[in-house]
Structures are given as C-alpha cells and as structure tokens.
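Below is one structure, written out as structure tokens, with a few remarks after it.
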Amino acid sequence: SPPPLPLTPLAKQFANPATAPMASNFCLVYLEMGLGRAAPAQRAVVVPPLLRGIARRGAAQQETLLSLLLGSLSELPLPGSHAELEGRLPFLTDPADRALVLEWLLDLLQFLPPPAAPAADR
C-alpha cells in the first residue's frame, strides 16, 4: 500500500490565498487521492476547512470540493448550536459559500436517475 499523503499540510497549502493556481490544483489532486484512503475521523477534520471560500473558486475546483464533501458527509460533526458552526462547518458561515453548497446538495437530493432499461432492450 502506498504511504499516506500529508493531508493537513496539503490542506493548509490549498487554503492559503497566496498559493499559485497551479500549486493549488496539484494540492487538490493529492487531497482527493489521499482523502479516499484516509480514516473517517481525518476526513471530518480536513474537509470542512477546504470548502471555505468555495464560491470564489473555479468550477472545476468547486466540483472536486463538493465531491469531497459528499464523500465525507456522514463523518462531519454537526453543530449543536449556531455558535459551534464556525468551528465545525466553517464554509456555512459565509453566505456565498453556504448558498453554493446548499444549492448543490438540493440538486443532489432532487436528482432522479433514469429508470433502468429492461434486460431485453439491452
């Protein structure tokens, strides 16, 4: 098995506004690879801060980040109060980020896959 990727430093580098776009994209690629193999508890810590500022990112990065959110949704610690929101789900405190994430989740919930074709039609 490959060695684990340094997810926390990659996340910090990705979130740094001074990071060059090319470096940011590489960080996100490695984060995506590493989070797929990470323990659920580590995903719950690494993913929420990645989504801070998602509304200001390009469409390709938004899709990757939202995919990471979906993959870790069951592990995310839900806040018990509004005061806990900043610490647990910081991306929900910014109105633009919150709107983008909630709209994407609503689209996901409303998605109806096409019915499967009967075996004879294949």
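Table for the structure above
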| quantity | calculated |
| --- | --- |
| The range 56-122 pair-distance distribution - Cα-Cα, 10 Å bins, rounded % | 16, 42, 23, 11, 6, 1 |
| Sulfur and carbon atoms: percent of accessible area, the chain [1.4 Å] | 64 |
| Vicinal HN-Hα couplings computed from phi for the range 2-18 (Karplus, 6.51 cos²θ - 1.76 cosθ + 1.60; Hz; Gly/Pro x) | x, x, x, 7, x, 5, 5, x, 4, 5, 5, 5, 4, 6, 6, x, 7 |
| Relative contact order computed over the chain (Cα-Cα under 8 Å; 6+ residues apart), in percent | 22 |
| Accessible area per residue in Å² at 1.4 Å probe, computed on the chain | 64 |
| More than 20 angstrom apart: percent of Cα pairs within the range 1-66 | 19 |
| Debye-sum result for the chain in log10 I(q)/I(0), which assumes one identical scatterer on each alpha carbon, at q = 0.16 Å⁻¹ | -0.80 |
| Amide hydrogen neighbours beyond the local backbone of residue 93, cut-off 5 Å, H modeled | none |
| Sum of -39500 (n - 2.57) over DSSP H runs of 4+, divided by residues of the chain (222 nm, nearest 500) | -18000 deg cm²/dmol |
| GNM result for the chain, Cα springs below 10 Å: residue of 85, 108, 28 fluctuating most strongly | 108 |
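The values are calculated or read from the model by the stated rules, or taken from the named source; none is laboratory data. A quick note: this is a predicted structure, and the numbers were derived from the prediction, not measured. Note: accessible area is taken over every heavy atom of the protein model, side chains too, but ligands, DNA and RNA are not part of it. Shrake-Rupley method; radii C 1.70, N 1.55, O 1.52, S 1.80 Å.
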